[in-house]
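See below for the structure under consideration.
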Amino acid sequence: MKYIPLSPDDPKSYVSFGLDLRERFETLNASTFGVGGIPVQNYVLDRQYIHADVRPNENWQIFIQLQNDYAPGKFIITPADRDPLDLAQGFVTYTGDLADGEVKARVGRQEMAFDLQRFVSIRDGPNVRQAYDAAWLDWEKDPWRVISFWSHPVVYVPQGVFNDYSNGHFQFGGFRIERRDVGPGHLSAYYSRYDLDNPHYLFASGRERRNIFDVHYAGDYAGWDWDLESMVQTGSVGAKTARAWALGTIGGFTFADANWRPRLGLQVDVASGDQNPNSNTLGTFNPLFPNGYYFTLAGLTTYANLIHVKPSVTVKPTSTLTFIAAVAPQWRETTADAVYVIPNIPVPHTAGSGGPWTGAYGQIRAVYAFNSHLTGAIESRLFWGRQHHLARWRA
């Protein structure tokens, strides 16, 4: 229900209401690649959002969104699975003119994401999305945009209502510069600071203070498309020096004049691991706030000690139906470190054992847009690989 007038004399004064429902059934076998004895799980992810968007005039916005998330049938519940009635977002935004451009200031609980959401995302894959209690300021004048922000990521409590909170021991912020039309694409770079007081890695623990440098370039030209991103992390975790890096690339070519508009794609992702657990340097990459959708709908693979290569084929039989098929082998960047699952959880007994190859998966996905309000998707992912501490294979 959009654009309900608040004033008959001001067309830019209105209120909109919205409802968002996502129902997802999952059957999951070997969520940690067959290690750890976790049995098969069959469950539903039930996510309900309702919001009110109030625009008193062209300069101000008041946005309130409530969420109600459940995971019936799932017996391993995490804060990303369940969050009974609570505030999803609640912020105030001011938009105005400044120095021949537009300035926007937003304060409150809000979602934010950068680029393909490899490292900073709204976490749309799991059931409970990620929000931040933050102050956001940006200025835009085509082709430039400059952003600054500081936040406390929201901590979600699976039990009870209206008890989510921002973590005073967890801060994330920085600044970002974007420029459109750099050659055939768009270029952006940002610096951010990640401060967490009590993390625990396999080979380090203590206060984490990471400086993050990121460069991103994406575009398309004559049927080709690409998205390239690199990130370097420095700083410290406890008594250890942090030195980590990651690279993400997605590219492809679309045969626009052929039937079904086939696209041949290739995705390559690499993230560092810890080369020497006994050294004074921690090399395990911190994936920050990853999106479970980035690799597959299943959302198991993460950016830590990873080499991931994924050729794919996408076809569109109709304007509303899309099929995607892919096969992706995976390796560890170093065998000294563990295999990790999202967000950065080490698989037991994998650090320091086995070879670099961790397995491969096949992915088939179909997406259908019933209309402008309703979308459906079905995906199957089959993983095969050798368990690192047992001479067995799991699919």
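The values are calculated or read from the model by the stated rules, or taken from the named source; none is laboratory data. The structure displayed is predicted, hence computed values, not measured ones. Reconstructed Cβ throughout: ideal geometry from the backbone, glycine too, with neighbour counts over all protein chains shown.
Could you check the stretch 222-255 and list, in sequence order, the residues that are in contact with a Pro (Cβ under 7 Å, 6 or more places away or on another chain) and buried (at least 16 other Cβ atoms within 10 Å of the Cβ)?
Listed by number, the list holds a single entry, 237.
Yes or no, residue by residue, for (1) touching a Leu at 6+ places or on another chain (Cβ under 9 Å); (2) over 30 Å from residue 250 (Cα atoms); (3) loosely packed, with under 15 Cβ neighbours inside 10 Å; (4) not hydrophobic (A, V, I, L, M, F, W, C):
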position	(1), (2), (3), (4)
110	no, no, no, yes
123	no, no, no, yes
130	no, no, no, yes
157	no, yes, no, no
162	yes, yes, yes, no
166	no, yes, no, yes
170	yes, yes, no, no
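In the set 298, 258, which member is free of Cβ contacts under 8 Å to residues at least 12 places away in the same chain, surrounded by fewer than 23 Cβ atoms within 10 Å (Cβ to Cβ) and more than 23 Å from residue 208 (Cα to Cα)?
Residue meeting the stated conditions: 258.
Residue check: is residue 281 within 19 Å of residue 246 (Cβ to Cβ) and either among the small types (Gly, Ala, Ser) or in contact with a Phe, Trp or Tyr (Cβ under 7 Å, 6 or more places away or on another chain) (or both)?
For residue 281, the condition - within 19 Å of residue 246 (Cβ to Cβ) and either among the small types (Gly, Ala, Ser) or in contact with a Phe, Trp or Tyr (Cβ under 7 Å, 6 or more places away or on another chain) (or both) - is not met.
Among the candidates 325, 377, single out the residue that is assigned to a strand (DSSP E or B), surrounded by fewer than 18 Cβ atoms within 10 Å (Cβ to Cβ) and at pLDDT below 95.
When all the criteria are applied, what remains is 377.
When you scan the stretch 349-368, do you find a residue that is charged (D, E, K, R) and assigned to a loop (DSSP other than H, G, I, E, B), even just one?
Scanning the stretch 349-368 turns up no residue that is charged (D, E, K, R) and assigned to a loop (DSSP other than H, G, I, E, B).
Restricting the stretch 69-83 to residues that are buried (at least 16 other Cβ atoms within 10 Å of the Cβ) and either among the small types (Gly, Ala, Ser) or in a strand (DSSP E or B) (or both), which is modelled with the lowest pLDDT?
Among residues in the stretch 69-83 that are buried (at least 16 other Cβ atoms within 10 Å of the Cβ) and either among the small types (Gly, Ala, Ser) or in a strand (DSSP E or B) (or both), the one modelled with the lowest pLDDT is 80.
For the stretch 236-253, give me the residue count where each residue is without any contact (Cβ under 8 Å) to a residue 40 or more places away in the chain and closer than 25 Å to residue 294 by Cβ.
4
Quickly run through the stretch 89-133 and pick out the residues that are within 9 Å of the chain's Cα centre (by Cα) and among the aliphatic types (A, V, I, L, M).
113, 116, 120, 122
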